[in-house]
Amino acid sequence: RCSQAVIRAVLSAGPLRGAYRSMSDGAALIHSTLSTNAHVKLRWDLTKEDVIAMAEAAIVRSRDTQDGIVRAVEEGNTAWGATFGKLAEDEAFQYVMDSVCTFPQHASTDKELRDAATEADKKLSAYDVEAGSRKDVYQALAKTAASLQTSELSPEQHRLVERILRDFRRQGLDLGEKEAARVKAINERISELGIAFSKNLGEEKSKHPFTAEELEGCPEDWLKKLERDGDKYLVTLKYPDYFPVMEQCCVAETRRRMEFEFNSRCSAENSKILEELVELRHEKAGLLGYDTHS
């Protein structure tokens with residue numbers, strides 16, 4: 001989810017350590033993460049307990065925000081700042097928390113931390129489906145939209161209103177109870193499959209042998225770090241190996257082989273996931289009245 005430039009720009013916030021993180025600790029971690037002046041909020045200092053605590057605290061905070069939107073409308077407050085504005089802020093918050101909590105599964109060398117980040121991803125993704133399926137929030141926002149004066153909205157705000165309501169409808173909230181429940185179940189399964197797909201790629205460990213001649217043009221300092229098997233260098237399909245070969249190797253056949261292997265990673269297990277995803281998306285599209293998912 002992060003480019004190399006972003007990864008290089010990561011600024012570590014101050015450490016908060018402990019063998020166990022309670023919900024209040026998660027809230028404190030969120031506060032310390034968001035209060036830093038760094039544009040990029042990703043952190044290198046999180047423990048496996050930290051990422052779970054942060055994810056759980058982020059869910060509680062977001063759920064409270066959405067509950068507050070419903071209460072505001074029930075009390076007659078349909079102002080932008082109490083409704084759509086609040087939801088937009090919450091979505092921005094969730095985006096940051098998702099990045100912070102799940103980043104270790106793509107970058108950490110500690111398998112326990114990677115597994116914890118995957119678990120945090122599951123929690124956040126499940127909550128995302130839950131939040132997108134809240135009919136009370138949808139109804140509150142629809143009521144707000146009907147009362148807002150279009151002339152008082154900026155073009156960006158007007159577009160946001162349209163897109164938020166559209167996204168809720170695409171969760172099946174305009175359908176009957178049975179159909180809406182099926183759409184939610186499909187979304188939950190799609191979320192699970194997406195996480196499994198990414199985890200398979202993250203845990204892929206194949207190594208591919210190349211001679212020095214086949215790696216002509218690659219940096220010497222990079223070659224010295226590679227594992228060896230006799231006179232051959234063992235190259236993984238991880239980005240620290242993939243990019244030096246694809247960007248600097250002079251041998252076209254080596255680059256072709258590397259590109260083929262890279263794009264074939266986890267093909268056996270992930271092909272099954274893709275097949276199920278295609279079927280689920282097609283079923284969902286039909287439920288929502290579309291001919292195809294696209």
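Determine if the stretch 58-66 includes at least one residue that is among the hydrophobic types (A, V, I, L, M, F, W, C), in contact (Cβ under 8 Å) with a residue 60 or more places away in the chain and buried (at least 18 other Cβ atoms within 10 Å of the Cβ).
yes
Can you tell me which residue is modelled with the lowest pLDDT among those in the stretch 270-294 that are open to solvent by 70 Å² or more (accessible area, probe 1.4 Å) and β-branched (Val, Ile, Thr)?
Filtering first and then ranking leaves THR292.
Give me the pairs: first residue in the stretch 77-95 and in contact (Cβ under 8 Å) with a residue 60 or more places away in the chain and farther than 25 Å from ALA55 by Cβ, second residue part of a helix (DSSP H, G or I) and basic (Lys, Arg), beta-carbon distance under 8 Å, and six or more apart or on different chains, which are they?
Close Cβ pairs satisfying both conditions: THR78/LYS143.
Has the stretch 112-129 got any residue that is open to solvent by less than 40 Å² (accessible area, probe 1.4 Å) and outside any helix (DSSP H, G or I)?
Checked the stretch 112-129: no residue is open to solvent by less than 40 Å² (accessible area, probe 1.4 Å) and outside any helix (DSSP H, G or I).
So is ALA13 under 15 Å from CYS101 (Cα atoms) and at pLDDT below 90 or not? Spell out how you get there, then give the answer.
Values: under 15 Å from CYS101 (Cα atoms): yes; at pLDDT below 90: yes.
Judged against the criteria, ALA13 is a match.
Hey, among LYS41, LYS122, LYS143, which residue is among the basic types (Lys, Arg) and more than 17 Å from the chain's Cα centre (by Cα)?
Result: LYS143 is the single residue among LYS41, LYS122, LYS143 that is among the basic types (Lys, Arg) and more than 17 Å from the chain's Cα centre (by Cα).
For VAL251, which of the numbered conditions (1) under 30 Å from GLU91 (Cα atoms); (2) over 29 Å from the mean Cα position of the chain (by Cα); (3) among the β-branched types (Val, Ile, Thr) fails to hold?
(1) is the only condition that VAL251 fails.
Could you list all residues from the stretch 255-269 that are within 17 Å of SER198 (Cα to Cα) and either surrounded by 10 or more Cβ atoms within 10 Å (Cβ to Cβ) or of a type in the set (Ser, Thr, Tyr) (or both)?
First, the residues of the stretch 255-269 that are within 17 Å of SER198 (Cα to Cα): 261-269.
If the condition is that a residue be within 17 Å of SER198 (Cα to Cα) and either surrounded by 10 or more Cβ atoms within 10 Å (Cβ to Cβ) or of a type in the set (Ser, Thr, Tyr) (or both), then GLU261, PHE262, SER264, ARG265, CYS266, SER267, GLU269 are the ones that fit.
Look at GLU247 and say whether it is closer than 27 Å to ALA107 by Cβ and among the acidic types (Asp, Glu).
Values: closer than 27 Å to ALA107 by Cβ: yes; among the acidic types (Asp, Glu): yes.
Here the answer is yes, as GLU247 does meet what is asked.
VAL129 - would you say it is over 21 Å from GLN171 (Cα atoms) and either under 19 Å from the mean Cα position of the chain (by Cα) or of a type outside the set (Asp, Glu) (or both)? Quick ask: steps written out before the conclusion?
Working: over 21 Å from GLN171 (Cα atoms): no; either under 19 Å from the mean Cα position of the chain (by Cα) or of a type outside the set (Asp, Glu) (or both): yes.
Criteria not met by VAL129.
Taking THR65, is it modelled with pLDDT of 95 or more and either in a helix (DSSP H, G or I) or among the hydroxyl-bearing types (Ser, Thr, Tyr) (or both)? Talk me through it step by step, then tell me what you get.
Values: modelled with pLDDT of 95 or more: yes; either in a helix (DSSP H, G or I) or among the hydroxyl-bearing types (Ser, Thr, Tyr) (or both): yes.
Yes.
The values are calculated or read from the model by the stated rules, or taken from the named source; none is laboratory data. This one's a predicted model, so the numbers in the text were calculated from it and none came from an experiment. Please note: Cβ atoms are built from the backbone with ideal geometry, for glycine as well, and neighbour counts cover all protein chains shown. These area figures cover heavy atoms from the full protein model, side chains too; ligands, DNA and RNA do not enter into them. Shrake-Rupley method; radii C 1.70, N 1.55, O 1.52, S 1.80 Å.
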